[in-house]
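Engineer: Below you'll find the structure I mean.
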Amino acid sequence: MTLSHKNEIMVVSGTSTGMGAATARELAARGYHVLAGVRRTPDADAIRADGIEPVILDITRPDHVEALVDRVASDPGRRPLRALVNNAGISVNAPVETLPLDEWRRLFDVNLFGHVAVTQALLPFLHRSRGRVVNISSVGGHVAMAAYGPYAATKFALEAVSDSLRRELAPHGVQVVVVEPGAVKTDMADRGAASTTGAAETMNPEQQQRYGALVRAVLAHTAAHIGTGLSADEAGAVIAGAATARRPRTRYTVGRDAALLTRLTRVLPDRVLDRVLAASLRRYFPAGSA
Ligand SMILES: NC(=O)c1ccc[n+]([C@@H]2O[C@H](COP(=O)([O-])OP(=O)(O)OC[C@H]3O[C@@H](n4cnc5c(N)ncnc54)[C@H](OP(=O)(O)O)[C@@H]3O)[C@@H](O)[C@H]2O)c1
C-alpha cells in the first residue's frame, strides 16, 4: 500500500546515473516532484523531465547543501518534503593495509559524512512533514569480504547511523529506512574497478606480492557478480517503494543475493562465514596464485 500524497517533494542525491536516476524517474512517475541531485550541468539537462527538477548537489560541498535547503524552503507551491533519499555513493576496494588514508577519507566524505550533512540540513523540513529518510546502504553494510574493508566500513557506519537516527526520530514521527542492494548493474562496477586498479598501483612491491592476486580476484569476482545483478530500474522501484510505503519496513534488501547474504551473516559463526566467503572468491584468483 502506498501513500496517496501527491504534489510533494522528494530529494534524491546522486541521480546522474544508476539507481539514483531510476529512483528519481520512478518517484516522478508516482506523481512526486523530485529534486534530483547531480554534480554537473550536462547531467542536470539529461535528468530534467516532467516531475524531475535537477539541483546541483555535491553532497560534500556545504554551499551546495545550503542551496538545496534554500530551494526546499522557498518552494513556490509550499509543498512539503516527503522524503530524502541518500543515494550518492562511490566505491574502491583495497586491502586495509594498503589504501592511503586520503582515499579512506574520500570514501567516508561521500558515503557517510555527505549523507549526514544533507540529512541534518533537511531534517527541519522532515520534522514538519513527518517525512522520511531513506539511506542506500549495501549488502556490504553487513558483510565485509577481503579487500572490501574501506567501502564496507562506510556502509556499516551508515547502518549504525540509520539505526540510531531511527530510534531518535521515531518519537517525533519521522521514519528512517535502509535499503540494502546486492549486485545491481550500474556504472558503479566500472567506476569502482577503475578506483580499485588505481589504488592497487599505489601498493609497494611487498604489498603487491602479498595482495596483488587478491585484488585481481576481487575485481574478477565483482565483475562476475554484477553481471548477474538486477537492473537499476528494478532497484529504483524498491527504493521508491521504501520512500512511499505507508508502513515501511526498517530495512529492504534488493536482490536475492543481498537477502541471502544478510541472513547468513546473522546465523553463521565468523569462522564459518570466513570459509564461505573465501570459497566464493577462490575460483577468481589468477591461476597458480591461490
Ligand atoms: N550497483 C551496486 O551493485 C550497488 C550495490 C550496493 C549498494 N550500492 C549503492 O547504491 C548507491 C547508488 O549506486 P549506483 O550503483 O547507482 O552507482 P552509480 O551509477 O555509480 O551512481 C552513483 C551516483 O553517486 C553520485 N555521486 C558520487 N559522488 C558524489 C558526491 N560527492 N555528491 C553527490 N553525488 C555523488 C554519482 O554522481 P557523478 O556521476 O557526478 O559521479 C552518481 O550519480 C550507492 O550508494 C552505492 O554504494 C550499489
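The values are calculated or read from the model by the stated rules, or taken from the named source; none is laboratory data. From a predicted model like this one, the values you see are computed outputs, not experimental measurements. Neighbour counts are summed over all protein chains in view; Cβ atoms, including those assigned to glycine, are modelled from backbone coordinates with ideal geometry. Protein only, heavy atoms only, side chains kept; ligands, DNA and RNA dropped before computing areas. Shrake-Rupley method; radii C 1.70, N 1.55, O 1.52, S 1.80 Å.
Engineer: Quick check, is HIS225 open to solvent by 10 Å² or more (accessible area, probe 1.4 Å), over 30 Å from PHE125 (Cα atoms) and touching a strand residue (DSSP E or B) at 6+ places or on another chain (Cβ under 9 Å)?
Structural biologist: On the way: open to solvent by 10 Å² or more (accessible area, probe 1.4 Å): yes; over 30 Å from PHE125 (Cα atoms): yes; touching a strand residue (DSSP E or B) at 6+ places or on another chain (Cβ under 9 Å): no.
It is false that HIS225 is open to solvent by 10 Å² or more (accessible area, probe 1.4 Å), over 30 Å from PHE125 (Cα atoms) and touching a strand residue (DSSP E or B) at 6+ places or on another chain (Cβ under 9 Å).
Engineer: Further, regarding this structure: Cβ-Cβ distance below 9 Å, separation of 6 or more or different chains: which pairs start in segment 158-180 with a residue that is basic (Lys, Arg) and end on one that is surrounded by fewer than 19 Cβ atoms within 10 Å (Cβ to Cβ)?
Structural biologist: Final answer for the pair search is ARG166/THR250.
Engineer: Considering VAL276, VAL254, which residue is open to solvent by 60 Å² or more (accessible area, probe 1.4 Å), aliphatic (A, V, I, L, M) and under 23 Å from VAL92 (Cα atoms)?
Structural biologist: Numbers: VAL254 fails: open to solvent by 60 Å² or more (accessible area, probe 1.4 Å).
VAL276 is the lone residue from the list that is open to solvent by 60 Å² or more (accessible area, probe 1.4 Å), aliphatic (A, V, I, L, M) and under 23 Å from VAL92 (Cα atoms).
Engineer: When you look at ILE59, is it farther than 23 Å from ASN111 by Cα, among the hydrophobic types (A, V, I, L, M, F, W, C) and at pLDDT 95 or above, yes or no?
Structural biologist: Values: farther than 23 Å from ASN111 by Cα: no; among the hydrophobic types (A, V, I, L, M, F, W, C): yes; at pLDDT 95 or above: yes.
Here the answer is no, as ILE59 does not meet what is asked.
Engineer: On to the next question. Name the one entry in ALA237, ALA189 that is within 14 Å of the ligand (Cβ to nearest atom), farther than 18 Å from TYR148 by Cα and under 16 Å from the mean Cα position of the chain (by Cα). Give the derivation first.
Structural biologist: Values: ALA189 fails: farther than 18 Å from TYR148 by Cα.
Answer to the selection: ALA237.
Engineer: Restricted to segment 29-49, and to residues that are more than 16 Å from the ligand (Cβ to nearest atom) and in contact with a strand residue (DSSP E or B) (Cβ under 6 Å, 6 or more places away or on another chain), which residue is most open to solvent (accessible area, probe 1.4 Å)?
Structural biologist: Ranking the qualifying residues of segment 29-49, first place goes to HIS33.
Engineer: Taking the stated definitions as given, is ALA94 of a type in the set (Gly, Ala, Ser), more than 21 Å from TYR211 (Cα to Cα) and in contact (Cβ under 8 Å) with a residue 12 or more places away in the chain? Don't jump to the end; show me each part of the working.
Structural biologist: Working: of a type in the set (Gly, Ala, Ser): yes; more than 21 Å from TYR211 (Cα to Cα): no; in contact (Cβ under 8 Å) with a residue 12 or more places away in the chain: yes.
No; evaluated as a whole, the condition is false for this residue.
Engineer: Same structure again: Scan segment 97-109 and give yes if some residue there is open to solvent by less than 20 Å² (accessible area, probe 1.4 Å), assigned to a helix (DSSP H, G or I), in contact with a helix residue (DSSP H, G or I) (Cβ under 9 Å, 6 or more places away or on another chain) and closer than 30 Å to ARG246 by Cα, otherwise no.
Structural biologist: So in segment 97-109, the residues open to solvent by less than 20 Å² (accessible area, probe 1.4 Å) come out as 98-99, 107.
Still in the list and also assigned to a helix (DSSP H, G or I): 107.
From what's left, in contact with a helix residue (DSSP H, G or I) (Cβ under 9 Å, 6 or more places away or on another chain): 107.
Applying the additional criterion that residues be closer than 30 Å to ARG246 by Cα yields none.
No: segment 97-109 contains no residue that is open to solvent by less than 20 Å² (accessible area, probe 1.4 Å), assigned to a helix (DSSP H, G or I), in contact with a helix residue (DSSP H, G or I) (Cβ under 9 Å, 6 or more places away or on another chain) and closer than 30 Å to ARG246 by Cα.
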